[in-house]
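A quick write-up on the structure given underneath.
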Amino acid sequence: MGYDILIEETRAGLVENKHFGIICGINEMKKQIYQVGDSQQEVFFRSAAKPIQALPLFLTNIIEKYNITEEEAALFSASHRGESYHINALESLLNKLPVVEEELFCPPSYPLNIEPREKMIGEGKAKRRLYHNCSAKHIGFVAVCRELGYPVANYWEQDHPLQQHIVQILSTLSEVPISEIKVGIDGCGVPVFAIPLHSMALTYLKFACPDLIDDSGLKDAVVKLTRTMNHQYNMIASEHFICSILLQDPNIVAKGGAQGVYGFGLKNERIAFALKVINGSEEVWPNIVASILEQINYKNKETIHKLRMLKPSIVKNDSGIEVGTIKETFTL
């Protein structure tokens, strides 16, 4: 299938795990300049599509009309982890927007992060749709439907006008014809799209370099969205997650998705990358992205250092004793 080994994990000198995957990097001329594995492999975006799915809202005046703060607006692109600052902002969105929690199609859930989840369970709190990591995306979907006069009913269906709007935006950014975009169902129940990894990288290139977008309205919406993501980086996931580390670097636009998918663009360098870890691991994202940045001699060494601290190359056991290593094996 054209996959290469990206990461090897060893224990006592023996290879314990191998993470296969594909990587694609393209430049502002839309030319592929880096490749590991088959970059034409079709890959589902999963939550790496959330910035795309948020664009219909950023194309409206909803943020201004309802006095949405930048912190709250960042959630529309987020896979939030359910920390208190996420929940407070989500509650505020429900108070401001013409949306009620029961309209959200995402299922009731507890937060993804362990501490807030255990706290809620310990306090006997019930699961809520609001706690689902995709809840803000769904709040945005309902708000857009009401603003544009779309029916709220079945907003999650592939043939709904909102979802058709989203796939048109994806086609514009990725330059993949709508007829060639594969559609599945994501974990939260809405359509999820698969395109070649090369085209996914192109999408993130346009997030980093919106001047490459011909449509002026879409270009302005992308600028507004990515600025919000950079300014409010902890809202996109939470502290100590790769998205937050990368987004606090104002030169980077980034978002990950379930099952090992990651996309990021570098504004000054005018290049972008997309990658897929075939076994679905998200734990090795920091190692892979750090190695990519090192191999292209990325100037902001602090960003690379933070990634290395997030997932060190030395494996330690529960007692803090060194027992193995994590090593990148790919060359761009």
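Data table
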read-out: Cysteines without a disulfide-compatible partner [the chain; Cβ-Cβ under 4.7 Å]; value: Cys24, Cys145, Cys209, Cys243
read-out: Asp211-Leu94 FRET efficiency (beta carbon distance; Förster radius 35 Å; 0.05 resolution); value: 0.45
read-out: Sequence ranges 227-235, 134-142, ranked by mean other-Cβ count within 10 angstrom, highest first; value: 134-142, 227-235
read-out: Probe 1.4 Å, protein heavy atoms only - accessible area per residue of the chain in square angstrom; value: 42
read-out: Residue-count net charge about Gly187 - beta-carbon cut-off 14 Å; Lys, Arg +1, Asp, Glu -1; value: +2
read-out: Point-to-point label distance, His305-Glu180, nm (Cα→Cβ direction, 7 Å offset); value: 4.4
read-out: Entry for Rg and Dmax of the Cα atoms in Å (calculated from the structure that is shown) out of (i) 18.8, 57; (ii) 19.8, 69; (iii) 19.5, 62; value: (iii)
read-out: Computed E for Leu14/Ala126 - FRET, C-beta separation, R0 41 angstrom, nearest 0.05; value: 0.35
read-out: Cross-link pairs beyond the 20 Å C-alpha cut-off, checked among Lys255/Lys306; Lys30/Lys267; Lys219/Lys267; Lys96/Lys206; value: Lys96/Lys206
read-out: Rg(Cα) / (2.2 N^0.38 Å) computed for the range 265-332, rounded to two decimals; value: 1.23
read-out: Contour excess over end-to-end distance, with Cα ends at Glu294 and Glu118 and 0.36 nm allotted per residue; value: 59.6 nm
read-out: Carbon plus sulfur fraction of accessible area for the chain, probe 1.4 Å, in percent; value: 49
read-out: Segments 166-172, 259-265 sorted - mean Cβ within 10 Å per residue, highest first; value: 259-265, 166-172
read-out: Per-residue ³J(HN,Hα) for the range 247-256, Karplus 6.51 cos²θ - 1.76 cosθ + 1.60, θ = phi - 60°, Hz, x for Gly and Pro; value: 6, 6, 7, x, 8, 10, 10, 8, 6, x
read-out: In nm, spacing of pseudo-spin labels at Thr325 and Gln168 (7 Å Cα→C-beta vector); value: 5.4
read-out: Equivalent ellipsoid dimensions for the range 1-106 as semi-axes, Å, which come from the Cα gyration tensor, largest first; value: 39, 21, 12
read-out: Computed over the range 152-266, Kirkwood Rh from alpha-carbon pairs, angstrom; value: 15.1
read-out: For the range 87-123 versus the range 226-299, the gap between their alpha-carbon centres in whole angstrom; value: 25
read-out: Packing rank of 191-201, 85-95, where each peptide gets the mean count of other beta carbons within 10 Å, highest leading; value: 191-201, 85-95
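The values are calculated or read from the model by the stated rules, or taken from the named source; none is laboratory data. Fair warning: this is a prediction, and the values are worked out from it, not measured in the lab. Every residue, glycine as well, gets a Cβ built from its backbone with ideal geometry; the counts of neighbours run over all protein chains shown. Remember, those area values only see protein heavy atoms, side chains included, never the ligands or the DNA or RNA. Shrake-Rupley method; radii C 1.70, N 1.55, O 1.52, S 1.80 Å.
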